[in-house]
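Working notes, structure below.
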Amino acid sequence: MTDLQEKANTWLTKFALAAFQADIDAVTDCFLPGGWLRDVLLFTWNTRSLEGREKIAAYLTNTLPPLHLSNFKLDTEDGLKPEPYLSDGLATGFTFETLDRRGHGYAYLRPDGDEWRALAVFTMVTDIKGHEETGHELGTYNGHTLSWEEAVVGAGQTGLHIAARFKQMNIPSLVVERHAVVGDQWRQRYPTLSLHTTKNHHTLLYQPYPKNWPTYTPRDKVADWLKQYVESQDLVVWTKSQILPGAKYNSEAKRWHVVVRKDDKDIELHPVHIVVATGALGAPRIPDVPGADIFKGTVFHASKYMGGQPYTGKDCIVVGAGNTSADLCQDLSFRGAKSVTMVQRSSTCVIDISTVAGAMVKGYPDGVPYEICDIRFNSMPINLQRAMARQREAEMWEREKPLHDQLRKGGIKLNMGTDGSGQHFLTFERSGGTPYRVDVGCASLIESGEVKVKQGVEVKRFTESGVIFDDDSVLPADLVIWATGYLDPRLSHRETYGADIIDNTSPLWGLDEEGEIRGAYKPTGHPALWYAGGDFASSRFMSKQLVREGSSAVNLISKSRI
């Protein structure tokens, strides 16, 4: 046994005995005074992050004793076995059991005098005994190959991840998709779109990409991969289908009454649960600006942008300064627009694509299964990560200095997140908040003036041939694009499920006071209505939280939108 293994084993032995005996004081003594516990479904059917011994003790007082935690073992798998952490600590994975569940944990340990104590401990349920994931099938039945011809087409990555996870848990599920062909919600986005995380991070559940897959997956390859994913995972999907307004929940029967319009037919369904997997983006946010009716040019939201070819030789204005705005400005410039102006109303957190790539290499390296990377990536509470990131604010500014010099030369105003913790945490906050982006080439266009910047202003009104800003400056325009984000996604669900239900559910996305994502993959306030969203990695990992209802027959209804 190595020195790291001995130290990790000493800590785990103490923690395991305290947990087995349900000795709350002994458990909390295994943590540093300001240590953290992040729990996914073990102590409560929820996801919680607790800071400090007092909050941890309060959380465990009534939840730890009934579990009968036992059979703790250090992880020996590469990527989860004990390894150095920071300059003087160590990190290690471990496994454990309860009477009816199996779990996985991960601990970040630091020396504290003569003891090793936890800066953070992560616990999660991996299996409910008797309801484990089924794994692969033989593919034969009475000597014949099974036919899966009815499993066709699909929805977005979130709904498909959930359906695939439910299928492995033997939970019947149906995905309802309003588009005609799987992946259309991606094909209808702007042509130059590519994912800004590496393929190891955004791989799909159970189905990693081929070795020769692009590092950053472009739009159409995402769409095509989702299409084949439905087929290869044998998912049940109805396309050209949508739930009609007026869905009702019967609290006595504990079932929904919904009508799905599939093609031109109305079909009545009675699912036990509905998972609304439309993501964290609602309807496009479009400012109401006077004069739009007299403007002779073209105005639309960025979600309708299908390429810059029609705007060669035109004066173009893109309102917004996040990822989408930068991509559109870059494409319009490349397509030969006469002028391209980005309107930055506040300030933006911008980092270089190489920064993201470096983080991805550390978090999701080649050769390490995504299951291991997901545990490590999700093991540290977000608020703890954020506090540690704030201590490196000066380092983050220095790393991005060459990029920021280009942007400042063009007039961009910059920030390093809402609290100095950087770009990463902005991805968890409400859409429409502080804009951020990963630069993939627009900075050089801004520096050169090929993409101009109008900073600190709002569009006040349209004229026939352009716009007037609130500083009374004027710009000519043939095209104005609102890259202004999206509304609360719950607003678009009120007509379908009823305002009385939707308005009493949790907000979707953003962080609560514990640093946990609101609304998604956890109780919403309604016993049979669930929300899901996030990027590929989030839905891949967090989809398993929905198997808390694993012993029930669950129908999954997932819609996707642009």
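Among the residues of the stretch 278-337, which ones are part of a loop (DSSP other than H, G, I, E, B), surrounded by fewer than 19 Cβ atoms within 10 Å (Cβ to Cβ) and among the β-branched types (Val, Ile, Thr)? Ile286, Val289, Ile294, Thr312, listed by residue number. Figure legend. Inter-residue proximity from the stretch 491-506: first residues without any contact (Cβ under 8 Å) to a residue 60 or more places away in the chain and assigned by TED's automatic domain parsing to the domain that holds Gly533, second residues assigned to a loop (DSSP other than H, G, I, E, B) and of a type in the set (D, E, K, R), beta-carbon distance below 7 Å, spacing 6+ or different chains. Indicated pairs: Ser506/Arg518.
From Thr427, Thr418, grab the single residue that is under 18 Å from Glu513 (Cβ atoms), under 26 Å from the mean Cα position of the chain (by Cα) and not hydrophobic (A, V, I, L, M, F, W, C). First the steps, then the outcome.
Details: Thr427 fails: under 18 Å from Glu513 (Cβ atoms).
The conditions single out Thr418.
Taking first residues from the stretch 398-415 that are touching a residue at least 60 places away in the same chain (Cβ under 8 Å) and of a type in the set (A, V, I, L, M) and partners that are surrounded by 19 or more Cβ atoms within 10 Å (Cβ to Cβ) and assigned to a helix (DSSP H, G or I), the Cβ contacts under 8 Å between residues at least 6 apart in sequence or on separate chains come to Ile412/Ile446; Leu414/His404; Leu414/Leu407. For residues that are of a type in the set (A, V, I, L, M) and not in a loop (DSSP other than H, G, I, E, B), scanning just the stretch 360-387, find the one that is nearest to the chain's Cα centre (by Cα). Per the criteria, the residue is Ile382.
Within the stretch 67-90, being out of contact with any Lys or Arg (no Cβ under 9 Å at 6 or more places or on another chain), assigned to a strand (DSSP E or B) and within 19 Å of Tyr364 (Cα to Cα) holds for Glu83, Pro84.
Which of the following residues is assigned by TED's automatic domain parsing to the domain that holds Asp419, touching a Leu at 6+ places or on another chain (Cβ under 9 Å) and under 19 Å from Lys81 (Cα atoms): Ile372, Ile351? Selected residue: Ile372, the only one of Ile372, Ile351 that is assigned by TED's automatic domain parsing to the domain that holds Asp419, touching a Leu at 6+ places or on another chain (Cβ under 9 Å) and under 19 Å from Lys81 (Cα atoms).
The conditions of being surrounded by fewer than 17 Cβ atoms within 10 Å (Cβ to Cβ), among the β-branched types (Val, Ile, Thr), farther than 24 Å from Cys373 by Cβ and modelled with pLDDT of 95 or more are not met by Thr44. For the stretch 68-82, the criterion of being among the β-branched types (Val, Ile, Thr) and at pLDDT below 95 is met by at least one residue. Any chance the stretch 417-428 includes a residue that's in contact with a Leu (Cβ under 8 Å, 6 or more places away or on another chain) and assigned to a strand (DSSP E or B)? No, that holds for no residue.
Residues in the stretch 198-228 that are in contact with a strand residue (DSSP E or B) (Cβ under 7 Å, 6 or more places away or on another chain) and among the β-branched types (Val, Ile, Thr): Thr217 only.
The values are calculated or read from the model by the stated rules, or taken from the named source; none is laboratory data. The structure displayed is predicted, hence computed values, not measured ones. Neighbour counts are summed over all protein chains in view; Cβ atoms, including those assigned to glycine, are modelled from backbone coordinates with ideal geometry.
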